[in-house]
1. Which one, Ser44, Met133, Phe371, projects farthest toward the positive side of the charge dipole computed for the chain from Cβ point charges (K/R +1, D/E -1)?
2. Would you indicate which of [x] 18; [y] 31; [z] 25 is the value of percent of Cα pairs over 47 Å apart derived from the coordinates of this structure?
3. For the residue pair Asn514 and Ala237, what label-to-label distance in nm results when each label sits 7 Å from Cα along the Cα-to-beta-carbon direction?
4. Using only helices, what value at 222 nm comes out for the chain when you add -39,500 (n - 2.57) per DSSP H run of length 4 or more and divide by the total residues, to the nearest 500 deg cm²/dmol?
5. Collect residues whose amide H, placed 1.01 Å from N in the peptide plane, falls under 5 Å from the amide H of Ala384; neighbours closer than 5 in sequence don't count.
6. Can you compute the FRET efficiency between Leu417 and Ala180 using 1/(1 + (r/R0)^6), with r the Cβ-Cβ distance and R0 = 35 Å? Round to the nearest 0.05.
7. Along the stretch 370-385, what does the Karplus equation 6.51 cos²θ - 1.76 cosθ + 1.60 (θ = phi - 60°) give for ³J(HN,Hα), rounded to whole Hz, x for Gly and Pro?
8. Counting only the heavy atoms of the protein chains, how much of His139 is accessible to a 1.4 Å probe, in Å² to the nearest 10?
Amino acid sequence: MPLPALKLPATPARRRPPDLVYAENERPPAGTLLVLGLQHAGTSMAFISYVLVASHLAGLDRLATQSLVAMTLLGMAISTSLQAWGGRWGGGALLSHIPSPILIPFVVPLLAAHGPGGLAVAAVVRGGVAMAMASVVHHLRALFPPPVVGVVVTMGGVALIAPAVRNALGLDAQFHIDGASALVSFITLASIVTLSVWGRRLRLLALLLSIGAGVLVAAALGKLGDTAVLHSVPLLAWPHLDTPAFSFDPGLIAALALITVLQQLDVLGCVTMVDKLNNPDWKRADMRAVSGAIRGNGLSALVTGLMGSFPTSIGATNIALANATRATSRIIGFVAALLLAGIAFFPQLTMALTLIPPPVLGAVGLYAAGFMIVSGSELTTSRAMDNRTTFAVGLSICAGLAIMQLPELTRHAPASLHFLLGNGFVVAGLLVVVLNRLMRIGTTQHNEQPLQANSPTLPTDITDFVDTRGAAWGARRAVVQRAALAALEAAEAIASAGEGRHVTCIRGRFDEFNLDLELLHSGPPLPLGSPASRPSAANLLEEDDSALDAALAQVSGVLLRHLADRVTVQESDGQSVVRLHFEH
């Protein structure tokens, strides 16, 4: 039976990545779609353990916990659907939601005081802040260049390492390794890697089959847990909706607002990672998609929080799953959302999720951490870097790692700041934004340098200018390299054209979308010729030497038009200029 057609808001037109099995707007066959949706739903549901941790810390009874889990599944379904839908209220991509572990310390007091209904306060704060930020995020492009986003993504991956290793190795308070847990996690992780790299057709099932293998090994080793708990809840039940309760604590509200702002950096990083998977010609973050994703986050946080759902956020593990299966179709998000919503009405199924062994979750977490660290590093180094960017990135990562490795550093910090200074991810994210802006002080977007035509260091002077200024401006590395080659070719063309032509100066100008170079020279404007005027090779063989010389003189023009996106020559104020334009 064919699936009903969905008329989704359009996404930007771009070249299809050749290595994807199913790209963002492609519809997999029904059977494959169900399997892929099941994998994403299963991956998201595995992190219901965060909800159970918060419920335990808040002292909720079994009924309240069951209600919280069911509403969280519905919240994850709504949020994932909005992101897949796109347009004004979503990112228009496969961006699955999971319970947000960073918010556990902030929602536990609300749950303890009022049960799931107490999450209404967090819903209003998070929804309001996110939707307000979505309206201005496109004006904040300068605050979030790829190196900044790369640091946030990298530190998000680093933050996953410690809990993932604890679960994978079954570490106790004395850091003793449990052999059975280590074996379960090793088999799970090895299965993920093997199927993702060499699985071919099984690649689409990599995570689901690996989790299944881990669960089977855990059951054989007695690590599955008490399955008798499944009989304590009914098979089918309508989720219980708690009455929203509002209790305003100014300190808690301020903390939630700040954490929400910082979480939008994570949204920016996740949208960028998926965008890179879908766009082989990726250059910069798609701020329209980012704005839609943040606005969708805000709307879903408001609606689902008032329902009594635990706060959710985009799951990096699901992005790693999309990368492993090479399937980024956003239709998968709708199927995963339907499965999540359906399971919310089956308490025995939601309870079964809690039986997934920690070593299996640890192996999945390690895979996600590795994917995020590599993706973040690629983002960070996608732009040319000078000492300013190096210090901003390096010091921020050092500060975040210091907090993670030496939590005692914040022991004596004021209680009001402990939530901020005690989280390495938050410290690194804030610091890289601040340092990036401070390091840009004194960096103009327009520079020039005089050149000596007869200097033996002229080629080095030109390439040093382009490389140095490109790094200071934060231009993309590939564009800077192409611009340096084009500037050298233009200088050689000017010198070889004769008639008193000598390079006198090079100018550069940059914004986030354009890189322009100008080579000023004496003498008349450089004759580059028209591409349409180039004679064919067969005609050249029939002409005399003068025609051949004239054709060879056009070689520089051909090379320059190949290297630069646009080449123009003109005379201004008695000075001839060759302008090279590069789209950024």
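The values are calculated or read from the model by the stated rules, or taken from the named source; none is laboratory data. Please read these numbers as outputs of a predicted model, since none were measured by experiment. Virtual Cβ from ideal backbone geometry, glycine too; neighbours counted across all protein chains shown. Just the protein is used for accessible areas: all its heavy atoms, side chains included, with ligands, DNA and RNA removed. Shrake-Rupley method; radii C 1.70, N 1.55, O 1.52, S 1.80 Å.
1. Selected residue: Ser44.
2. From the options [x] 18; [y] 31; [z] 25, the structure gives [z].
3. 6.4
4. Details: 22 runs with 340 residues, N = 584.
After summing the helix terms and dividing by the residues of the chain, the value is -19000 deg cm²/dmol.
5. Distant-sequence amide H within range of Ala384: Ala475, Arg476, Arg477.
6. Working: r = 42 Å, r/R0 = 1.19.
It comes out at approximately 0.25.
7. In residue order, the calculated couplings are x, 4, 5, 5, 5, 4, x, 5, 5, 4, 4, 8, 6, 10, 4, 10 Hz.
8. 140
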